[in-house]
Amino acid sequence: MADMLPVRSRKTTQVETATVDVRNYLTFLLGGESYGIDILSIREIIEYAAPTEVPLVPPFIRGVMNLRGAVVPVIDLSLRFGRGATEARKRTCIVIMEVKHEEAVQQIGIVVDAVQEVIALPLSEIEPPPNFGTRIRADFVSGMGKVDGKFILLLNVQKVLSIDEMAMLAGLSERAAEGPDAVVGA
């Protein structure tokens, strides 16, 4: 699915291309708003399937899923942002990301309403994160990308899932791999 997404870039001259640093972002919808995540942290995009619920975890953790033998925690990004739960619809999907925690890499799935496209943004089209005016915590935003006269919130994945939460998720994955009795005792 990720291979089929269109990549949109701003038209540049040859002179500009040599001097412009460009970043690629996967854009997606969540609660009617567009967000972007640097594609370097994205592993794949899969069709939504309800994760296995795990007791005694924060509400924004929808559960875990088996991804080719690996136990992957699934986060409802809307709940993480302090909004209502994401309703599973036809275009709802799970974006599998790889997030670094200390020396390890943790796979995490995030539920989004719909994936839009991959866009290429020159650094000149990315504004610093605002201190106010967003519907999510300011530290979750790494910048604001200007696309077609509108802004897209670019997420800071490391902040959306803090170090403490990452450690908890890593422990959850390990306990889930040990079996259902290990997770219940979490």
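The values are calculated or read from the model by the stated rules, or taken from the named source; none is laboratory data. All values derive from a computational prediction rather than experimental measurement. As a convention, Cβ positions derive from the backbone with ideal geometry for all residues, glycine included, and neighbour counts pool all protein chains shown. Heavy atoms of the whole protein, side chains included, go into the accessibility calculation; ligands, DNA and RNA do not. Shrake-Rupley method; radii C 1.70, N 1.55, O 1.52, S 1.80 Å.
Applying the criteria of a DSSP loop state and at most 16 other Cβ atoms within 10 Å to the GluC sites (Glu not before Pro) of region 72-147 yields Glu87, Glu102, Glu103. Computed from the Cβ-Cβ distance with R0 of 22 Å, the FRET efficiency linking Glu87 to Ile39 stands at 0.25.
Using a probe of 1.4 Å, the accessible surface attributed to Ser142 totals some 60 Å² when neighbouring protein chains are kept in position.
Working note: Karplus 6.51/-1.76/1.60 with θ = phi - 60° gives region 59-70 the couplings x, 6, 8, 5, x, 10, 9, 9, 10, 6, x, 9 Hz, where Gly and Pro are set to x.
Accessible surface comparison of Leu153, Leu56, probe 1.4 Å, protein chains only, largest first: the order is Leu56, Leu153. With every protein chain in place and a 1.4 angstrom probe, the accessible-area ranking of Asp38, Asp148, Asp76, Asp21, largest first, reads Asp148, Asp21, Asp38, Asp76. Taking amide H as placed 1.01 Å from N in the peptide plane, the amide H of Arg23 sits under 5 Å from that of Leu121, Leu123, each at least 5 places away or on another chain. Surface analysis of region 24-114 yields an accessible area of 48 Å² per residue, using protein heavy atoms and a 1.4 Å probe.
Each residue, Asn156 and Asn66, gets one label point 7 Å from its Cα in the Cβ direction; the gap between the two is 3.8 nm. Around Arg68, what is the net charge, scoring Lys/Arg as +1 and Asp/Glu as -1 over all other residues with Cβ under 15 Å from its Cβ? That sum, taken over residues with Cβ under 15 Å, equals -2.
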